[in-house]
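Reviewing the structure listed below.
Coordinate-derived values only; no laboratory data. Because the structure is a prediction, the values reported are computed rather than measured. Using ideal geometry, Cβ is built from the backbone for each residue, glycine included, and neighbour counts are taken over all protein chains shown.
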Amino acid sequence: VAELARACPERFVGFSGVDPHKGAKAVEGLRDDVLRHGLRGAMISPWEHLMFADDERYDPIYETCVELEVPIWIHTSFNLSRQIPMEYGHPLHLDRVAVKFPDLEIIAGHAGWPWVTEMVAVAWRHPNVYLEISGIRQKYMGMPGTGWEPLIHYGNSVLQDKVLFATAWPLLPLEQAVQDVRNLPLKE
């Protein structure tokens, strides 16, 4: 990841995947990735760690992100595993993290679907919480009954500067994802 980000800095921003089960080594690895390898953020997937985002074992990682002034991307959505409960991705856990770490820049991966209303509330409440829309086909966000209506509504008002474009390339070509977003009922 660091090699790719260094080779094409105008196109890629590298984030460090962090495993809290590694304890102090997780923090050392994150610090090394940012300070020595030039990565510009951290990422965690609580469902893969079988932990909620507000589990105290993540605290040293959050503290390190604040210290290094880098954001953290947190998987905040359902997962496709039939063996792991999907509640690990519920956005209310991010609310607790944002309360405890008000200086931590949090990017809610996948914008919290299917709990979009709760995700919107968390992002509206906390100036340090942003949403990103990868991992989904953006065209569905504009379709009635898909659960995305609160994000479209509030994305056109109070969250207008807090929704980040992202794509699940190569699953969907970048050009198609961009066109899908352009077709959404969004204000200028």
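Scanning residues 5 or more positions from residue 73 or on other chains, those with amide H under 5 Å from its amide H are 42, 43, 44, 107, with H placed 1.01 Å from N in the peptide plane. Considering the values (i) 122; (ii) 138; (iii) 105, which represents volume of the Cα convex hull per residue in Å³ as calculated for the structure under consideration? This structure yields the entry labelled (i). Under the definition of Cα pairs under 8 Å and six or more residues apart, what whole-number percent is the relative contact order of segment 93-158? Across segment 93-158, relative contact order equals 33 percent.
Candidate cross-link partners of residue 187 among the lysines, defined by an alpha-carbon separation under 25 Å and a same-chain spacing of 8 or more, comprise 139, 162. Summary value for segment 115-188: 38 percent relative contact order, contacts being C-alpha pairs under 8 angstrom separated by 6+ residues.
Where in segment 22-37 does the amide nitrogen come within less than 20 Å of the point 7 Å from the Cα of residue 48, taken along Cα to Cβ? Inside the label zone: 22-35, 37. Putting +1 on Lys and Arg Cβ atoms and -1 on Asp and Glu Cβ atoms, find which of 101, 123, 184 reaches farthest to the positive end of the dipole of the chain. Of the options given, the answer is 184. Partners of residue 22 within straight-line reach, counting lysines whose Cα lies under 17 Å from its Cα and excluding those fewer than 8 residues away in the same chain: none found.
When the alpha-carbon atoms of segment 1-96 are used, the pair Rg, Dmax equals 13.8, 39 angstrom.
Net charge within 11 Å of residue 70 by Cβ-Cβ distance, Lys/Arg positive one each and Asp/Glu negative one each, not counting residue 70 itself? If you can, show how the numbers build up before the last one.
Working: positive: 31, 40; negative: 33, 67, 69, 105.
Result for the local shell: -2.
Pairs of alpha-carbon atoms within less than 8 angstrom and 6+ residues apart define the contacts here; what relative contact order does the chain have, in percent? It would help to have the intermediate numbers written out before the result.
Values: 319 pairs, mean separation 26.9, N = 188.
It rounds to 14 percent for the chain.
Charged neighbours of residue 31, selected by a Cβ distance under 12 Å, balance to -3 (K, R count +1; D, E count -1).
Sorting 109-116, 141-148 by their mean Cβ neighbour count within 10 Å, with the most densely packed peptide first, gives 109-116, 141-148.
For residue 59 and residue 149, the FRET efficiency from 1/(1 + (r/R0)^6), where r spans their Cβ atoms and R0 equals 35 Å, is about 0.50.
With +1 on each Lys and Arg Cβ and -1 on each Asp and Glu Cβ, and nothing else charged, work out how big the dipole of segment 1-159 is about its Cα centre, in Debye to the nearest 20.
Values: 14 positive and 21 negative charges, 93 e Å.
Computed charge dipole of segment 1-159: roughly 440 debye.
Note on residue 25: lysines with a C-alpha under 29 Å away, same-chain residues under 8 apart excluded, are 100.
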